[in-house]
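Just so it is clear, none of the values below were taken in a lab; they were calculated from the coordinates. Everything numeric in this text was worked out from a predicted model, so none of it was measured. No Cβ is skipped: glycine too gets one built from the backbone with ideal geometry, and neighbour counts run over all protein chains shown.
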Amino acid sequence: MNGAATPLRVSEVFLSLQGEGPSAGTPAHFVRLQGCSVGCRWCDTKYSWDAAGGRAGTVGELLDEARELGPAPLLVVTGGEPLETPALTPLLELGLERWERVEVETAGVLPPPLSHPRLLWSVSPKLPRATPRWETTWRHAPAWLAEPNATFRVVVGDAPDEDDLLRLLERHGVPAARVMLMPEGYTDDGLRDRSMSLAALCKRHGFRLSALLHVWLWGARRGV
């Protein structure tokens, strides 16, 4: 099958700024894929969990739809959980033909299916307080460590998250230079308070801090 004709289900396609992770602040086209089994309790995109939800399309149609929204150097493939989408590899291959950079946001539930110098992986393994499936998201840490363009972006909230974070990073041998911490929260005050705590943690251990620019700019809503 021609990669552009590969079917998939999508939750939404939009143009915005990447709000988090290593590409924060970059104008980007977003393709939010449908379907996720990770089940984080604080997830703000639960509408993308049902694999039968969203709408149907092909890889080529959805990327054409994204490009028609206006120019941007970055394509962000998010979810849902992109690694659970069989069409992910053809989507990334065609995306790399059309965009300067492609970034995938994933919980890391499977190893990386593709490596490319312009393909970035924002891997967000979960802490035990987030989901009963948290161990699944750390299972393939060695494969993600072997991928040079993978950043470990971990959402951190209330206790015991910070202790669990340090324990899991040490257990899996994740170097501090590849870690970004992101505050759990949906409001300006909540994000600011949590970010201040994480800033202190970053200074002590050499991690980076990830903002949530899209939440600060537009609030926790769809299409931003």
Between Thr187 and Ala220, what length in nm is gained on full extension when 0.36 nm per residue of separation is reduced by their alpha carbon distance? 11.1 nm
Given contacts defined as C-alpha pairs under 8 Å and at least six residues apart, what's the relative contact order of the chain, whole-number percent? 19
Show me the trypsin sites (Lys or Arg not before Pro) within segment 15-105 that DSSP assigns to loop and that have at most 10 other Cβ atoms within 10 Å of their Cβ. none
Identify the trypsin sites (Lys or Arg not before Pro) of segment 115-224 meeting these criteria: DSSP loop state and at most 11 other C-beta atoms within 10 Å of the C-beta. Arg221
In degrees, nearest ten, helix 161-172 long axis to first principal axis of the chain (Cα): 70
Figure the gain on full extension for Thr89 and Leu201 (residue separation times 0.36 nm, minus the Cα-Cα span) and round it to one decimal in nm. 36.7 nm
Filtering chymotrypsin sites (Phe, Trp or Tyr not before Pro) in segment 1-99 by DSSP loop and by at most 14 other Cβ atoms within 10 Å leaves Trp42
Roughly how tilted is helix 188-205, in degrees to the nearest 10 and between 0 and 90, from the longest Cα axis of the chain? 70
Nearest-20 debye value, segment 1-68 charge dipole, Cβ charges on Lys, Arg, Asp, Glu: 220
Cα shape, segment 92-224, gyration tensor, a/c 1.5 rule: oblate
Helix-only mean residue ellipticity at 222 nm for the chain, each DSSP H run of n ≥ 4 adding -39500 (n - 2.57), per residue, nearest 500: -8500 deg cm²/dmol
Going by Cβ distance under 4.7 Å, what cysteines of the chain have no possible disulfide partner? Cys36, Cys202
Within the chain, what's the longest stretch lacking GluC sites (Glu not before Pro) that sit in DSSP loops with no more than 11 other Cβ atoms inside 10 Å? 101-224
Quick one: dipole size for the chain, taken about the Cα centre, charges +1 on Lys/Arg Cβ and -1 on Asp/Glu Cβ, in debye to the nearest 20. 300
